[in-house]
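What follows is one structure encoded as C-alpha cells, with my remarks underneath.
The values are calculated or read from the model by the stated rules, or taken from the named source; none is laboratory data. Because the structure is a prediction, the values reported are computed rather than measured. So basically every Cβ, Gly included, is an ideal-geometry build from the backbone, and we count neighbours across all protein chains shown. These accessible areas exclude ligands, DNA and RNA; they are computed on the full protein's heavy atoms, side chains included. Shrake-Rupley method; radii C 1.70, N 1.55, O 1.52, S 1.80 Å.
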Amino acid sequence: NDASAQYVARALRAGAAEADAVCFHVYGDDLVLAYRNRIVRMRAAMGAAGCAKPLWVTEVGFPADDPVEQAAQLRRFLASDLSAVERVYVYALATDEIRDHHGLCEYDGERTPRPAYGVLRDAIARAS
C-alpha cells in the first residue's frame, strides 16, 4: 500500500540507503496484482531518494482458508515476472490457525502439507 512506500521513502531519506536491500511484503486477494502495484510504488520511492538497492520480497502469502486457492495464488505468483526482485521468501511453513492462517502446512502437530507446499517445493526444484 502507499503507507509502505511512504515509509520506505522516509527511511531512505533518513539514511537507510546504507542497507543491503529494500524489503517489502506481498499480501492481498490477488498476489500478482499486489506484487506489481507494490513494485511500482517501491521503485518510485527509491528513485525519489536516489536509491538503487535491490528489492527483496521478505513475505508473500495467501490465507489457507481455501487451500486450493492458496496453492493457485502462490503458483500464479511464482510463475509471474519476478525479475524486479532479487529474493522472495514465502510466509510461512506452518502458523497457528488461531492467530494466523497462511501456513503452507497444517498446524496439526504433524505439519501436514497443504497443496501450496507442493507448489513451492516444485518451484524450488525447477529453479535448482
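What tally of residues in the range 63-79 results from selecting those that are open to solvent by 30 Å² or more (accessible area, probe 1.4 Å), of a type outside the set (A, V, I, L, M) and farther than 19 Å from ALA127 by Cα?
Adding up the residues that qualify gives 5.
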Against the conditions (1) under 14 Å from ALA123 (Cβ atoms); (2) surrounded by fewer than 14 Cβ atoms within 10 Å (Cβ to Cβ); (3) free of Cβ contacts under 8 Å to residues at least 40 places away in the same chain; (4) not acidic (Asp, Glu), where does VAL40 fall short? Just the number, please.
(1)
Can you tell me which residue is farthest from GLY61 (Cα to Cα) among those in the range 72-128 that are aromatic (Phe, Trp, Tyr) and part of a loop (DSSP other than H, G, I, E, B)?
TYR107
Across the range 87-128, what is the total count of residues that are among the polar types (S, T, N, Q) and under 15 Å from the mean Cα position of the chain (by Cα)?
0
Taking only the range 85-100 into account, find how many residues are open to solvent by 40 Å² or more (accessible area, probe 1.4 Å) and out of contact with any helix residue (DSSP H, G or I) (no Cβ under 9 Å at 6 or more places or on another chain).
7
Looking only at the range 15-32, how many residues end up being under 19 Å from LEU82 (Cα atoms), open to solvent by 60 Å² or more (accessible area, probe 1.4 Å) and in a helix (DSSP H, G or I)?
0
In the range 28-60, how many residues are under 20 Å from ALA72 (Cβ atoms) and β-branched (Val, Ile, Thr)?
3
Exclusive hit being surrounded by 13 or more Cβ atoms within 10 Å (Cβ to Cβ) and more than 17 Å from the chain's Cα centre (by Cα), set LEU55, LEU82, LEU12:
LEU12
Considering the range 58-79 alone, what residues qualify as being of a type in the set (A, V, I, L, M, F, W, C) and within 16 Å of the chain's Cα centre (by Cα)?
VAL60, PHE62, ALA64, ALA71, ALA72, LEU74, PHE77, LEU78, ALA79
